1. Rolling a 1.4 angstrom probe over the protein heavy atoms, how many square angstrom per residue are accessible across the range 149-233?
2. Can you divide the C-alpha Rg of the range 210-263 by 2.2 N^0.38 Å and report the result to two decimal places?
3. Provide the packing ranking of 223-232, 108-117, 236-245, i.e. peptides ordered by the mean count of other C-beta atoms within 10 Å per residue, highest first.
4. With the Cα gyration tensor of the range 113-208 in hand, convert its eigenvalues to equivalent ellipsoid semi-axes via √(5λ) and list them largest first in whole Å.
5. Please report, in whole Å, how far the alpha carbons of the range 161-206 spread along each principal axis, starting with the longest.
6. For LYS164, put the label point 7 Å out on the Cα→Cβ axis and report which residues of the range 234-272 keep their amide N under 14 Å from it.
7. Once you sort the root eigenvalues of the Cα gyration tensor of the range 192-301 as a ≥ b ≥ c, which label holds: rounded (a/c under 1.5), prolate (a/b larger than b/c) or oblate (the other case)?
8. Straight-line reach only, C-alpha to C-alpha below 17 angstrom: list the lysines that LYS116 could link to, leaving out same-chain residues fewer than 8 apart.
Amino acid sequence: MLYMIGLGLGDAKDITVKGLEVVRRCSRVYLEAYTSVLTVGKEVLSYYIQGQDLGLSSTSQEEFYGRKLILADREEVEQEANNILKDADISDVAFLVVGDPFGATTHSDLILRATKLGIPYRVIHNASIMNAVGCCGLQLYRFGETVSVVFWTDTWRPESFFDKVKKNRQNGMHTLCLLDIKVKEQSLENLIKGRKIYEPPRYMSVNQAAQQLLEIVQNQRIRGEEPAVTEETLCVGLARVGAEDQKIAAGTLQQMCTVDLGGPLHSLIITGGSLHPLEMEMLSLFSVPENSSESQSTDGL
């Protein structure tokens, strides 16, 4: 059996009881390591599987789960999926995903590959950023299509996703922006020369996303277009959702350029215009001071 197991958003203990029971009996356990990250490192999940309670302040994922974890990067999952599925028809193999297993299309592809090989599968769900964003007070049923904001380069500065933001705004819907993660990425030079040398991990912050969005707004004005979003559009920045040090800040898109939410992972919400009174009241818990030029945020925990 191939088990696709969601780990939730916070730390190692966010795995469900059902998921933990399955991991303990699997012959191999893979940890997907490129669509998202937990707030603890890979060496954090192991002895817990053997019933040992070591606490998480100084332990790793491997220690918490009591098992050796095989890191599965993008190349492994997308190009070497057969290695993951090997012998899964005669033994149990677990594939661990931060958040929910269906938060990335890659994981659907792994299931399709397993099915074609006659390998049965089972999915054990968990919380993901797609529903946990409700912690800021915006109502989930008022969200439109989710978009991804990628790191720009000198030669690649995509703006096409902004059409979806515009459509959501026209329909009065909020937009969840998933911010880019660069893990085990190669520079163009190393890629061309075939050198397995990787760049340090990078995680887009709310500040960086807001700056790119403002540049898109300015570009639209230059082209004579009426932007659906302006510097004064109400936005919500979120960091480390589900963790004890979760941070939320509500303010204008301009303010999102300077608000300090700390370390990764970050997400950004562009509101859909008119808000329900309950949404407004909830966002007031996290509002950035209007006249503040300092990097501030309110965490409402």
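The values are calculated or read from the model by the stated rules, or taken from the named source; none is laboratory data. Here the structure is a predicted model, which is why all the values come from computation and not from measurement. No Cβ is skipped: glycine too gets one built from the backbone with ideal geometry, and neighbour counts run over all protein chains shown. The protein model used for the area step is the full one, side chains on, heavy atoms only, and it has no ligands, DNA or RNA in it. Shrake-Rupley method; radii C 1.70, N 1.55, O 1.52, S 1.80 Å.
1. On the way: 5040 Å² over 85 residues.
The answer is 59 Å² per residue.
2. Details: Rg = 13.4 Å, N = 54, 2.2 N^0.38 = 10.0 Å.
Rounded to two decimals, the normalised Rg is 1.33.
3. On the way: 223-232: 13.2, 108-117: 15.1, 236-245: 20.5.
The densest-packed peptide leads the list: 236-245, 108-117, 223-232.
4. Numbers: eigenvalues 177, 121, 39 Å².
They are 30, 25, 14 Å, listed largest first.
5. 48, 19, 10
6. Once the point is set 7 Å along Cα→Cβ of LYS164, 268-270 turn out to lie under 14 Å by backbone N, inside the range 234-272.
7. Details: a/c = 2.25, a/b = 1.21, b/c = 1.86.
In terms of gyration-tensor shape, oblate.
8. Output for LYS116: LYS86.
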